[in-house]
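Following: one structure in structure tokens, then a few remarks.
The values are calculated or read from the model by the stated rules, or taken from the named source; none is laboratory data. Computed from a predicted structure; not experimentally measured. Glycine gets a Cβ as well: all are built from the backbone with ideal geometry, and neighbour counts include every protein chain shown. Note: accessible area is taken over every heavy atom of the protein model, side chains too, but ligands, DNA and RNA are not part of it. Shrake-Rupley method; radii C 1.70, N 1.55, O 1.52, S 1.80 Å.
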Amino acid sequence: MRQKLVVGNWKMHGSLAANQMLLAGIQAGVAGLTGVECAVCVPYPYLAQAQQQLSCSAVAWGAQNLSEQAQGAFTGEIGVAMLADFASRYVIVGHSERRALYGESDALVAQKFLRARSGGVSPILCVGETLEQRQAGQVREVIAGQLNAVLSAAGIAGFAGAVVAYEPVWAIGTGLTATPEQAQEVHGAIRGLLVELDASVAAGVRVLYGGSVKAGNAAELFAMPDIDGALVGGASLVAEEFVAICRAAAL
Ligand code: PEP
């Protein structure tokens, strides 16, 4: 059975003082939960703080982006070895904000996925359609295209133990959530695509849902057979909300 995973995406929020309180609240709130793994993906400057504060807890940490390059003259970029230096377990790859605002292509996302894997940090690969694409009936085609770009580069073997996050762009930060049935349909399609290539790898991939997940809608989403947890934006900045989502995923 796949262990549920709930990951907070802090985006560009936080300060040393605010993070201290937030991490303490999360740490205390999830202590003793079983059947769920919890993690926070923090802005780069706060990786050291996350490492220091969470090292003796059950909460993992990671980053929200990385360079596709290993190292060198790439001003402003962050390499996977640097994330590994701070014991990051996860890194988000291909978030829709990076695709839309920073022009990250499917090909670049695939390179970042490979770079993370080769550096020992687990990528959380985000895929998702826009509202226009959904209204045009292109959901499966869009998701398959985003996934296939990474599959062509990494092969199905590169997905062993991987994490994929289905995040419909129209549900991110909007308060609109896909219904559990809408989400399950896409999660099932993602799993189906992987099953065609290798059923045992597909069975181990955790497919998270992301898009306005809150304490109030988490349990019904987690009840779906192919929803293995959540990638949480806004609600991950409030300890009680994030903890409640983790609790909804626990056994
Ligand atoms: C996200 O940014 O990954 C996200 C899911 O945001 P929110 O939960 O705020 O919709």
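Would you say Arg115 is among the charged types (D, E, K, R), under 29 Å from Ser88 (Cβ atoms) and open to solvent by 60 Å² or more (accessible area, probe 1.4 Å)? Against the criterion (among the charged types (D, E, K, R), under 29 Å from Ser88 (Cβ atoms) and open to solvent by 60 Å² or more (accessible area, probe 1.4 Å)), Arg115 qualifies.
Out of Val243, Val232, Val238, Val201, I need the residue that is away from the ligand (no atom under 14 Å from the Cβ) and under 21 Å from Gln20 (Cα atoms). Which one? Step by step, each of Val243, Val232, Val238, Val201 is checked, and only Val243 is away from the ligand (no atom under 14 Å from the Cβ) and under 21 Å from Gln20 (Cα atoms). Taken over region 11-32, residues that are more than 16 Å from the ligand (Cβ to nearest atom) and in a helix (DSSP H, G or I) amount to 13. The residue pairs whose first member lies in region 117-132 and is farther than 12 Å from Ala84 by Cβ, whose second member is of a type in the set (Ser, Thr, Tyr), and whose beta carbons are closer than 7 Å, counting only pairs six or more residues apart or on different chains, are Ile124/Tyr90; Cys126/Ser96; Val127/Tyr166; Gly128/Ser96; Gly128/Tyr166.
Entry remark, region 12-39: residues being open to solvent by less than 60 Å² (accessible area, probe 1.4 Å) and within 16 Å of Gln49 (Cα to Cα) number 11 in total. For region 59-99, a residue qualifies if it is in contact (Cβ under 8 Å) with a residue 12 or more places away in the chain, open to solvent by 10 Å² or more (accessible area, probe 1.4 Å), in a loop (DSSP other than H, G, I, E, B) and out of contact with any strand residue (DSSP E or B) (no Cβ under 9 Å at 6 or more places or on another chain), and the qualifying residues are Glu68, Gln69, Ala70. For region 143-158, the condition of being surrounded by 23 or more Cβ atoms within 10 Å (Cβ to Cβ) and outside any helix (DSSP H, G or I) holds for none of the residues.
The set of residues from region 36-58 being assigned to a helix (DSSP H, G or I) and closer than 18 Å to Val238 by Cα comprises Tyr46, Gln49, Ala50, Gln53, Leu54.
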